[in-house]
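The values are calculated or read from the model by the stated rules, or taken from the named source; none is laboratory data. Owing to the predicted nature of the structure, the values given are computational and were not obtained by experimental measurement. Backbone-built Cβ (ideal geometry, glycine too); neighbour counts: all protein chains shown.
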Amino acid sequence: MKLDLKSVDQIIGKYDGEDSWLVMILQDVQDKYNYLPECALGRVAESLKIPLSRVHSVATFYSSFSLAERGRHLIRVCDGTACHLRGFTHIKEEISRHLGISEGQTTKDKVFTLDVVACLGACALAPVMAVDGRCYGNMNAEKVRVVLDLYRREKRH
Amino acid sequence: MIAVFESKKMPLVKTVVNGKHIEVERDRWALDVLLEMGVAVPTLCHHPAVEPYGACRLCVVEARKGKWTWLTTSCDLQIREGLNIETDTPSVIRSRRMSMELILSRAPHVESLQRLAADLGVGRPRFGPHYDIGKCILCGLCVRVCDRLIGASAISFVGRGRRRSVTTPFGAASESCTGCGACIAVCPTGHIRSFVEESALNIETWNTRLEMIDCKVCGTPFTAAKLLESVQGRLGKGGSLERVCSKCRRLQMCKRLGEAFHQV
């Protein structure tokens with residue numbers, strides 16, 4: 001796949017091509033493309049003059065980086081201790097059933113990606129899920145459907 | 001990045017190893033000192049050519065300084081004044097056994113690991129790998145040698161937790177691998193597979209295939225073209241490499257020596 005890498009160059013320029021900013025650069029690249037494309041990692045390695053193997057190693061180390069293409073909306077379901085006890089499994093199953101995807105997968109129309117994370121830091125609202133960084137607390141199956149439909153409708157406009 | 005080993009003269013400090021009082025240069029690695037003294041210390045991730053890493057945890061010792069005692073890997077422990085090292089206390093043995101059992105459970109069929117485990121009194125591991133992970137124990141020797149000594153950085157650790165493994169970027173054929181074989185040479189378990197086929201070197205584990213050069217005497221392919229190129233590049237104009245395999249070179253040398261003897 002051919003990608004326009006101009007924005008990668010711009011991002012690297014913003015950090016003065018300094019290799020100690022690698023994680024920040026990768027975060028910005030992911031914000032731009034929604035995931036980390038192979039060719040973008042190649043360009044990062046080239047511009048920072050560090051081995052591609054090191055860039056790849058860093059990109060696979062952090063779970064917030066994705067090397068696979070993701071949907072426009074990222075759903076993160078919390079499986080921290082509190083959420084786990086208060087019904088994480090039901091929430092996840094409801095999302096899976098509603099969207100037809102399981103953990104780590106993306107819907108065919110590239111709208112939603114489902115991720116399970118260890119803790120979103122909102123244990124008082126357990127069980128919690130977040131869509132694009134926005135937190136939804138005290139979830140149940142009914143609320144899951146409402147929230148997801150909200151984002152799905154957004155797509156049409 | 002190529003490692004440079006500086007040898008700075010350090011002052012001698014007093015240390016105790018297993019009750020024996022010795023004087024050693026300050027800042028030396030404890031493991032090196034132990035091995036020099038003839039103390040048996042099991043290791044898997046240690047290699048004198050690269051800096052210590054502390055991955056295998058088999059070289060743990062009990063260190064004591066003043067009233068503090070702690071278990072620590074000796075490969076990355078530096079000798080200081082008044083350091084007391086014990087290598088066979090019950091907690092050292094217990095710790096080594098546990099580490100060994102965990103390592104063995106990753107690759108239970110590797111003979112070199114089985115032997116080391118037997119030496120430490122570890123039998124069949126209680127845990128098992130839940131999926132096939134080959135023979136790799138993630139000691140990181142190949143990664144460090146490729147990066148620090150060879151300077152190719154063709155491989156690295158990928159992923160983390162139980163998914164951590166060593167591969168080339170994206171698991172694709174490596175562009176920077178020269179086929180030097182250093183990773184194969186240092187691997188303690190023989191995880192990295194390679195073979196020669198149709199005058200090409202296949203490093204199967206890294207999904208990399210490299211064209212080889214034929215020996216100009218016997219005609220058998222003997223080294224990767226890329227390796228010859230890279231070594232020539234390092235030598236610069238200072239020297240030229242003969243395209244002769246080691247076997248033929250030895251023969252040539254023997255012949256030359258023989259001739260020299262006859263002349264005398």
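Here is how the numbers come out for the structure above:
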| read-out | value |
| --- | --- |
| Test: A:THR60 is of a type outside the set (Lys, Arg), farther than 19 Å from B:PHE157 by Cβ and either modelled with pLDDT of 90 or more or crowded, with 18+ Cβ neighbours inside 10 Å (or both) | no |
| Residues within segment A:33-52 that are buried (at least 20 other Cβ atoms within 10 Å of the Cβ), over 19 Å from the mean Cα position of the chain (by Cα) and outside any helix (DSSP H, G or I), tallied | 1 |
| Complete set of residues in segment B:114-146 that are free of Cβ contacts under 8 Å to residues at least 60 places away in the same chain and under 18 Å from B:VAL50 (Cα atoms) | B:CYS142, B:VAL143, B:CYS146 |
| Test: residue in segment B:127-138 that is small (Gly, Ala, Ser), surrounded by fewer than 16 Cβ atoms within 10 Å (Cβ to Cβ) and not assigned by TED's automatic domain parsing to the domain that holds B:ALA30 | yes |
| Tally, over segment A:104-132, of residues that are part of a loop (DSSP other than H, G, I, E, B) and within 12 Å of A:CYS78 (Cα to Cα) | 8 |
| Hits in segment A:63-89 (condition: assigned to a loop (DSSP other than H, G, I, E, B), more than 14 Å from every other protein chain (Cβ to nearest Cβ), surrounded by 17 or more Cβ atoms within 10 Å (Cβ to Cβ) and under 13 Å from the mean Cα position of the chain (by Cα)) | A:ARG70, A:GLY71 |
| Pair list, Cβ < 9 Å and 6+ apart or interchain, from segment B:147-162 residues that are within 9 Å of chain A (Cβ to nearest Cβ) and of a type in the set (Ser, Thr, Tyr) to residues that are assigned to a loop (DSSP other than H, G, I, E, B) and surrounded by 15 or more Cβ atoms within 10 Å (Cβ to Cβ) | B:SER153/A:ILE50; B:SER153/A:PRO51; B:SER153/B:SER176; B:SER156/A:PRO51; B:SER156/B:THR168 |
| Matching option when the condition is surrounded by 18 or more Cβ atoms within 10 Å (Cβ to Cβ), more than 12 Å from chain B (Cβ to nearest Cβ) and modelled with pLDDT under 95, among A:GLN10, A:GLN30 | A:GLN30 |
| In segment B:203-240, the residues that are loosely packed, with under 13 Cβ neighbours inside 10 Å and outside any helix (DSSP H, G or I) | B:LYS216, B:CYS218, B:GLY219, B:GLY239, B:SER240 |
